[in-house]
Amino acid sequence: MNRILLFLSPLFLFLAASCGQPPVEQAANSITAESLMSHIEVISSDEFEGRAPATEGEDLTVDYLVETMEQMGVEPGMDDGSYVQQIPLLGQQIDGSSAAMNIRSNGQVAEQLGYRTDFMAWPSNEAERVQLRNAELLYVGYGIQAPEFDWDDYKGADVEGKVLVFKNSDPSNDPEIFEGDSRLYYGRWSYKFEKAEEMGALGAIIIHTTPTAGYGWSVIENSWGRERFSLKGDDDAGTKPEFNGWLTEEHSENLFDLAGLNLEEMLEAAENRNFEPMPLEGVTLDLTLNATYSDMSTRNVLGQIRGSDPDLMDEYVVFTAHYDHLGVTTPVDGDSINNGALDNAAGISAVLEMANAYKQLEPEMRRSALFLFVGAEEMGLLGSLYWSQNPTIHPGKITANINMDGMQVYGETEDVVLVGYGRNTITDVIRQYADQEGRVVKPDPNPGQGFFYRSDHFSLARVGIPAIFPNPGRDYVNKPEDFIETVDSLSAVNYHSVGDEINEYWDLSGMEKDVRLFFRSSFHILNADEMMSWEEGDEFQAIREEMLMQAP
């Protein structure tokens, strides 16, 4: 797995600068399409078996990351002098052959649903067996309680002992509330399950539709149908609902029909703040689940380069990328390995190459840089969540987080997209450097999919760290007019599937350009006099101020 790495000595950088090449530009130019591809080819190869947590594929990935940073001269990021942060996990495996869900109408079985094809469900309280009979169902719309928007979908309803049925996402028909069509955390599936626990419900089911989820049922089946992981902690599992799950749109329609209700009308009714919970009269649910558990662990991998300013060197910019993917799943046309080339071997490569470039600029860095490769992202951002709960650097000492999760692998674009655009001052810095290249910085074109809450920067934002999530642009250069349609089609087909591999459409000239832009921008942030900040009124501003006060 060793590769030849380019290291430029301070003397070489001095000579380059004296010839009219500033050191930062020389370092940026060391990031090339070829160097980026070299990592992706290794990490997304079949040998790495899709990089699932607690597998040989993870071992190979961790070894690669550690060896590569050692070769670069990047120092270990842990206080004990190691590169690895251990993360205790609880693994849960559902017995699909015995999983069953029946829908009853007036006591009689009306539908027998298939596990994976029609529903996904799992014990949420670490039980080995879930056995429900004739459980009552209560439709709670979006299931949101948001006092700042004067919104309460529960209206005082007693939900104890009932299975709550949720519409996914959050209200989008009023630009004055919930930021219009921008999905907030209220619209995430994790919020729905957390709310069911808070309210004391028996269980939770989310109605799946592609528009409200942002992805098709195959993503639900592939993501939730394999071994699941959670952080192993001291939480009282006995207070949690008996199960959480998803139901296909087709069978959700049937469920509501049996109750004399129209699904489309009920989904529309949830858009109104006057919505009241709707019991599915005469309809009940049977559920059988059997689960086995195992104690295991995954790892975060951390490297750092220390800054040189005695007043600022204990402050950091954190670069994140998740290294895990879905591992080995059900074969499709004979292929069972989810290689995860775009998601997220490309992001890993971007952070490694920025680390290599920063090592060349070490004397020029005022603040320090932490390169954080997190595990178990695909199972709910678990690696970054663990780090945020057990940070190696106090969040109040971190000026910014730049998260790399999926990169521009299809060619150069005139634009670059920032998820989190305008929420903090990182946007201003990236826009400044993009302007110098004649490029345009744009906000997320699909705000309704809630991407800000779907990758690892969210874990860091929750502890106040100003965070940004760069995404690929869409205005391609020197490509056919309809090329964006090809890219969208490839993304839809390959996302979380065995098709996420290097293919004939890949062109890393765009990734090279983007990573150099993020490198120059982050170098500015590292050396700025002031730390980055959230914009006034942002949902993370208050926790940021608290962390700044607590910082040593």
- [ ] Write down the accessible area per residue of region 207-262 in Å², having rolled a 1.4 Å probe over the full set of protein chains.
- [x] 42
TODO: Give the distance, in whole Å, between the Cα centre of region 163-210 and the Cα centre of region 41-74.
DONE: 36
Open item on the list: Quick check: the angle from helix 56-72's long axis to the longest principal axis of the chain, C-alpha only, nearest 10 degrees?
Closed with: 20
Open item on the list: Looking at the chain only, what percent of DSSP beta bridges run antiparallel? Nearest 5 please.
Closed with: 65
Open item on the list: For the pairs Lys232/Lys397; Lys192/Lys479; Lys359/Lys479; Lys192/Lys232, flag any whose C-alpha to C-alpha distance is greater than 31 Å.
Closed with: Lys192/Lys479; Lys359/Lys479
TODO: Kindly express, to the nearest 10 degrees and within the range 0 to 90, the angle between helix 189-199's C-alpha long axis and the longest C-alpha principal axis of the chain.
DONE: 50
Task: Other-chain or far-sequence residues with amide H under 5 Å of His322's (modelled H) - done: Val374
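Leaving out ligands, DNA and RNA, what percent of the accessible area of the chain is carbon and sulfur, probe 1.4 Å? Mind dumping the intermediate values first?
Values: 10200 of 21620 Å².
Solvent-exposed carbon and sulfur of the chain make up 47 percent of the total.
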- [ ] Give the relative contact order (percent, whole number) for region 386-528; include only Cα pairs under 8 Å separated by 6+ residues.
- [x] 39
- [ ] List, largest first, the extents of the alpha carbons of region 64-147 along their principal axes, each in whole Å.
- [x] 69, 43, 22
Task: Burial order of peptide ranges 219-227, 306-314 (average beta-carbon count within 10 Å, highest first) - done: 219-227, 306-314
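Write down the accessible area per residue of region 406-521 in Å², having rolled a 1.4 Å probe over the full set of protein chains. All intermediate terms of the calculation are to be shown ahead of the outcome.
Numbers: 4340 Å² over 116 residues.
Ligands and nucleic acids excluded, the figure is 37 Å² per residue.
Quick one: putting +1 on the C-beta of Lys and Arg, -1 on the C-beta of Asp and Glu, what dipole do you get for region 329-417 around its Cα centre, in Debye to the nearest 20?
700
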Task: Relative contact order computed over the chain (Cα-Cα under 8 Å; 6+ residues apart), in percent - done: 20
Open item on the list: Show me the ranking of peptides 99-108, 510-519 by mean Cβ neighbours inside 10 Å, starting with the highest.
Closed with: 510-519, 99-108
Open item on the list: Quick check for you: with a 1.4 Å probe and neighbouring chains kept, what is the accessible area per residue of region 268-387, in Å²?
Closed with: 29
TODO: Rounded to the nearest 10 degrees, what's the angle between the helix 509-527 long axis and the longest principal axis of the chain, both from Cα atoms, 0 to 90?
DONE: 80
Task: Candidate aspartates and glutamates - alpha carbon under 20 Å from Lys240, same-chain residues fewer than 8 apart omitted - done: Glu126, Glu128, Glu136, Asp158, Glu160, Glu194, Glu197, Glu198, Glu227, Asp286, Asp295
- [ ] Read phi for every residue in region 272-283 and hand back ³J(HN,Hα) as whole Hz from Karplus 6.51 cos²θ - 1.76 cosθ + 1.60, θ = phi - 60°, with x for Gly and Pro.
- [x] 9, 5, 8, 3, 10, x, 10, x, 8, 4, x, 10
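The values are calculated or read from the model by the stated rules, or taken from the named source; none is laboratory data. For clarity, every value in this text was computed on a predicted model and none was experimentally measured. Glycine also receives a Cβ, built like all others from the backbone with ideal geometry; neighbour counts cover every protein chain displayed. SASA here: full protein model, heavy atoms, side chains in, ligands and nucleic acids out. Shrake-Rupley method; radii C 1.70, N 1.55, O 1.52, S 1.80 Å.
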